[in-house]
Amino acid sequence: MYPIVWSKGKYLHKDSLMFPLEERGLQFGDGVYEVIRVYRGDMYLLDEHIDRLYRSLESIRITLNFTPEEVKGALKNIVERNKVDEDAFIYLQVTRGSAARDHLFPENVEPNIYAYVKRKKRPIELLEKGVKAITLKDERWDNCYIKSLNLLPNVLAKQLAADRGAFEAILHRDNVVTEGSSSNIFLVKDDVIYTHPESKYILSGCVRSRVIHFANELGINVREEPFHVSDIEKADEMFLTSSTSEIMAIVQVNDMTIGEGKPGEITRRLQKEYEKDAAIVQEEVSR
Ligand code: PDD
């Protein structure tokens, strides 16, 4: 982790940032977060992440005493002050604040906000080869559009996937695929891309929106329509998207091979668009 972090208007050393035990994020998961990708010191899709942060905050009735511009400025400052010039991510968290433990909202308590930057290389090998996924019942609550700190079902799903040698768990409600434990899920059939529509059952991913934009630019048909677990065996291609995984082919689901068992044509075209959009050049040269 880079040493300079931002919290509540102050730039501090990471080891000097302290929160009391009675902190609403720690005790109730009463908060929201964002993970923002940084490529060679440039934040990718910053406006989209900050817009979603404020939507999440509004949904859980937290009023932040910083404007979106102030938060963006603070993130730019920690990138600059830490002299971040490589691939990294920013973790940004807001909670309802520190107060004596009580389920009710505390009065006159200001939210806790902090952000730090951490180095993170692109997952080049996985992007080139694709990953395995498992299907799993979506056991989360009904408000998955909020990027809530309550990630227990996501954590359990991701761990179960890893226990079974897979990278991601594809979640479904009544056999309708919603999203992954930490990603959005796409299926390609007969040159049409399908993904669950924006609704309370999925997080509106920043990369998801960008992928839909890329597909439109490339003239590839996208249908934001739900698909079923049973459609997976007929899929030509599948991929997942997230700020840390980018656009990653899913080449196996449970025991089924998807397409030819390697990233398909449409997935690769979208990956190229992503690299251009995020101005990722150095890895292409070294490949
Ligand atoms: N997660 N759906 C869920 C449940 C997620 O947790 C994420 C991202 C996404 C993709 O969103 P985006 O494209 O905006 O990154 C979809 C982040 C990376 C995380 O929790 O670490």
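The values are calculated or read from the model by the stated rules, or taken from the named source; none is laboratory data. Note that this is a predicted model, so its numbers are computed, not measured. With ideal geometry, Cβ positions are generated from the backbone for all residues, glycine too; neighbour counts draw on all protein chains shown. Side chains are part of the model used for accessible areas, which takes the heavy atoms of the whole protein and leaves out ligands, DNA and RNA. Shrake-Rupley method; radii C 1.70, N 1.55, O 1.52, S 1.80 Å.
Of note:
- Accessible area per residue for the chain is 49 Å², calculated with a 1.4 Å probe on protein heavy atoms, without ligands, DNA or RNA.
- Relative contact order, percent, the chain [alpha-carbon distance under 8 Å, six or more residues apart]: 17 percent
- Within region 95-203, the proportion of Cα pairs with more than 23 Å between them is 46 percent.
- Alpha-carbon Rg/Rh ratio, for region 4-119, with Rh computed the Kirkwood way: 0.97
- Per-residue SASA remark: Cys206, around 10 Å² accessible (1.4 Å probe; ligands, DNA and RNA not included).
- Largest GNM mean-square fluctuation among Ile60, Ile78, Ile266, using the chain with Cα springs under 10 Å: Ile60.
- Residue of Ala157, Ala99, Ala88 that the Gaussian network model of the chain assigns the largest fluctuation, springs spanning Cα pairs under 10 Å: Ala99
- GluC sites (Glu not before Pro) restricted to DSSP loop in region 207-277 with at most 16 other C-beta within 10 Å: Glu224, Glu260
- Distance in nm between pseudo-label sites at Ser209 and Ser59 (7 Å out along the Cβ direction from Cα): 1.3 nm
- Where GluC sites (Glu not before Pro) fall in DSSP loop in region 67-167, at most 14 other Cβ within 10 Å: Glu86, Glu107, Glu139
- About the Cα centre, charge dipole magnitude for region 124-277 (Lys/Arg +1, Asp/Glu -1 at Cβ), debye: 340 debye
- The relative contact order of region 144-287, computed from alpha carbon pairs under 8 Å that lie at least 6 residues apart in sequence, is 20 percent.
- In degrees, nearest ten, helix 68-81 long axis to first principal axis of the chain (Cα): 90 degrees
- One decimal place: the segment Gln27-Asn77 gains 15.0 nm when fully extended, by the rule 0.36 nm per residue minus the C-alpha distance.
- Distance violations [Cα-Cα > 21 Å] among Lys234/Lys272; Lys72/Lys158; Lys14/Lys72; Lys10/Lys76; Lys10/Lys120: Lys234/Lys272; Lys72/Lys158; Lys10/Lys120
- Region 124-277 - Debye-derived log10 I(q)/I(0), Cα point model, q = 0.09, 0.18, 0.20 Å⁻¹: -0.24, -1.04, -1.32
- Apportionment of accessible area to carbon and sulfur, the chain, percent (1.4 Å): 48 percent
- Hydrodynamic radius of the chain per Kirkwood, over alpha carbon pairs, in Å: 19.9 Å
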